[in-house]
């Protein structure tokens, strides 16, 4: 089955969010939504999420799932806001508990912060199946960028999050806590054994040198042949050496500190104080 896919590109974070709908029927899923955040002002807005909501309502769709490919370090999730407006269940990979444990310590969260994934409605395991109306979704465990990364294969389309980028840009970094370049390589192989005709929808695009337009749609066949990091059967040893060397030169994402605190809570803000004020922490020399 070939789903209909509508992409929403957020230029502020280079994130691509997707609405995936069944070809016949009204059911849909939202993947990797964005809550707008101004770090200088510490202010959120819902413009990006409202664009998704308006489109879903105009199309008369029923939201069944709000999916996260992983705990994003470069943007805040709008999952709770979307759920309030549209319904649906929030899902992520079961290894969210590892991320919560790691960053619960980084941000010195107290015992009130639950590290069992209970903030989410569904915790997926490798090989799980879910339905979007009459359309089947399969879950692939694809860690490496983070320990909780998942790929969602819905019909003949794979939503890979940050595991793969467009072929001319390559692959995701692996230097966050719990990341592993060797695991990422092995995860990518799980994706590349899918049919060459399988559509691949990436979570970000940064316009590789020489390309004028943003892009987010490719195929397994194109990734196998053309990906500058893993194409043409590049061996794991070469990939690990390249990835680790490249990652050592990268700075932290601009929104990593607010993003991790919010996204490990399924998009919810930390609990407010007695006056209703919400605060995000800035750990010093922790990342």
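Looking at the stretch 167-264, what helices (runs of 4 or more DSSP H) fall wholly within it and have at least 3 residues that are in contact with a strand residue (DSSP E or B) (Cβ under 8 Å, 6 or more places away or on another chain), touching a residue at least 24 places away in the same chain (Cβ under 8 Å) and within 25 Å of residue 13 (Cβ to Cβ)?
Numbers: elements: 181-192, 220-226, 236-247, 256-263.
Counting at least 3 such residues, we get 181-192, 256-263.
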Next on the checklist: Looking at the stretch 72-90 only, could you name the residues that are assigned to a strand (DSSP E or B) and under 28 Å from residue 24 (Cβ atoms)?
Outcome noted: 89, 90
Checklist entry - In the set 69, 33, 48, which member is modelled with pLDDT of 95 or more, in a loop (DSSP other than H, G, I, E, B), surrounded by 18 or more Cβ atoms within 10 Å (Cβ to Cβ) and out of contact with any helix residue (DSSP H, G or I) (no Cβ under 7 Å at 6 or more places or on another chain)? => result 69
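Condition first: surrounded by fewer than 18 Cβ atoms within 10 Å (Cβ to Cβ) and touching a strand residue (DSSP E or B) at 6+ places or on another chain (Cβ under 8 Å). Now tell me which residues in the stretch 12-24 satisfy that. Talk me through it step by step, then tell me what you get.
The initial filter retains those residues of the stretch 12-24 that are surrounded by fewer than 18 Cβ atoms within 10 Å (Cβ to Cβ), namely 12, 14, 23-24.
12, 14, 23, listed by residue number.
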Item to check | In the stretch 105-124, the residues that are part of a loop (DSSP other than H, G, I, E, B), over 20 Å from residue 279 (Cβ atoms) and touching a residue at least 24 places away in the same chain (Cβ under 8 Å) | outcome: 117, 120, 121
Checklist entry - Quick check: anything in the stretch 149-159 in a loop (DSSP other than H, G, I, E, B), modelled with pLDDT of 95 or more, under 16 Å from the mean Cα position of the chain (by Cα) and within 22 Å of residue 230 (Cα to Cα)? => result yes
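Does residue 282 satisfy the condition of being modelled with pLDDT of 95 or more, farther than 30 Å from residue 122 by Cβ and part of a loop (DSSP other than H, G, I, E, B)? Outline the logic, then answer.
Numbers: modelled with pLDDT of 95 or more: yes; farther than 30 Å from residue 122 by Cβ: yes; part of a loop (DSSP other than H, G, I, E, B): yes.
Taking the combined requirement at face value, the residue satisfies it.
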Next on the checklist: Quick test for you: out of 100, 83, pick the one residue that is free of Cβ contacts under 8 Å to residues at least 24 places away in the same chain and surrounded by 18 or more Cβ atoms within 10 Å (Cβ to Cβ).
Outcome noted: 83
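Among the candidates 261, 245, which residue alone is closer than 22 Å to residue 111 by Cβ and either surrounded by 11 or more Cβ atoms within 10 Å (Cβ to Cβ) or modelled with pLDDT of 95 or more (or both)?
Details: 245 fails: closer than 22 Å to residue 111 by Cβ.
Only one candidate qualifies: 261.
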Next on the checklist: Looking at the stretch 51-74, I want the residues that are free of Cβ contacts under 8 Å to residues at least 60 places away in the same chain and have a partner that is buried (at least 24 other Cβ atoms within 10 Å of the Cβ) and part of a loop (DSSP other than H, G, I, E, B) with Cβ atoms under 6 Å, at least 6 apart or on another chain. Which pairs are those?
Outcome noted: none
Next on the checklist: Can you go through 206, 152 and tell me which one is out of contact with any helix residue (DSSP H, G or I) (no Cβ under 8 Å at 6 or more places or on another chain) and buried (at least 16 other Cβ atoms within 10 Å of the Cβ)?
Outcome noted: 152
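The values are calculated or read from the model by the stated rules, or taken from the named source; none is laboratory data. Owing to the predicted nature of the structure, the values given are computational and were not obtained by experimental measurement. Positions of Cβ are backbone-derived with ideal geometry, glycine not excepted, and every protein chain shown enters the neighbour counts.
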